[in-house]
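Undergrad: Below: one structure in structure tokens.
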Amino acid sequence: MNYGYAYATTNNVDVYSQVGNYIVPGLKQQVETIFVNGTSKDLYVIFFGYNDLNAILNPNIYYTINKRYSKEKVVQNVIESVQQLVKMYGAKHFLIMTAPPFDQFPAFKGIRQQETTQLIKDYNALLQSRLLQKVKGVDIKFLDDNAWLLEQLAHPEKVNVKTTSEPCVWGLGNTTSCDDAENHFFWDSFHPTTKVHQAMGEWVVSQLKGLYEFKHH
């Protein structure tokens, strides 16, 4: 089951997104209010970080409550969410995905890029070390989507695209419109194209099979 929300952060108490009149629930709010028939045999996948790190870098584009928001607090929010899932459902198996290399996205290219790159790197390292340190008695594995995306950007022929520097619709950063989306890595300033998403999905499934003897039909 997928309970992910676009624009979500890890905790609305720190920072949140709002679309129209709708306040997007953060990770902690989703865990606390969306009840599922979870068991100790289920795999709980958590893929968060981008919006929180972006809020640290650009607090004015989010509803920022915690004016001292930091990568350490983001990691703490993830840890507390994992602990809550253990408490609520007896969860035993977690797969944590890294924050993507959004410093390479068109919207961020050339804008505080060194600072952004370092923040992402430090967050991903801290997330892994703190989770393994603070959450005991469960199986926690990590899926490095950050490294996978960087590899595809360095070798776009692997996902059968040609252009990695420009998206296909107008937006922030180095953008222009195009009529050959199938050749582009990015659809807009923030998101890869369908082709890249599909390739990433196939990669995730292959990783799941290796990590969990996952049978995909």
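Undergrad: Specify which of the listed residues (Glu182, Glu115) is of a type outside the set (Gly, Ala, Ser) and over 26 Å from Gln207 (Cβ atoms). I'd like the intermediate steps shown before the answer.
TA: Values: Glu182 fails: over 26 Å from Gln207 (Cβ atoms).
Unique residue meeting the criteria: Glu115.
Undergrad: Now, a different point. If only one of Thr117, Thr98 is surrounded by fewer than 16 Cβ atoms within 10 Å (Cβ to Cβ) and of a type in the set (Ser, Thr, Tyr), which one is it?
TA: Thr117
Undergrad: What are the residues in the stretch 1-60 that are charged (D, E, K, R) and out of contact with any Asp or Glu (no Cβ under 7 Å at 6 or more places or on another chain), if any? Steps first, please.
TA: So in the stretch 1-60, the residues charged (D, E, K, R) come out as 14, 28, 32, 41-42, 52.
Selection gives Asp14, Glu32, Lys41, Asp42, Asp52.
Undergrad: Right, another one. So which of Gly49, Gly26 ends up being closer than 23 Å to Thr117 by Cβ, crowded, with 17+ Cβ neighbours inside 10 Å and of a type in the set (Gly, Ala, Ser)? Lay out the reasoning, then the answer.
TA: Numbers: Gly26 fails: closer than 23 Å to Thr117 by Cβ.
Result of the check over Gly49, Gly26: Gly49.
Undergrad: Another one. Does Asn124 satisfy being surrounded by fewer than 16 Cβ atoms within 10 Å (Cβ to Cβ) and part of a helix (DSSP H, G or I)?
TA: For Asn124, the condition - surrounded by fewer than 16 Cβ atoms within 10 Å (Cβ to Cβ) and part of a helix (DSSP H, G or I) - is not met.
A short reminder: the numbers here are calculations on the coordinates, not readings from a lab. Computed from a prediction, not measured in an experiment: that's the story for all the values here. Reconstructed Cβ throughout: ideal geometry from the backbone, glycine too, with neighbour counts over all protein chains shown.
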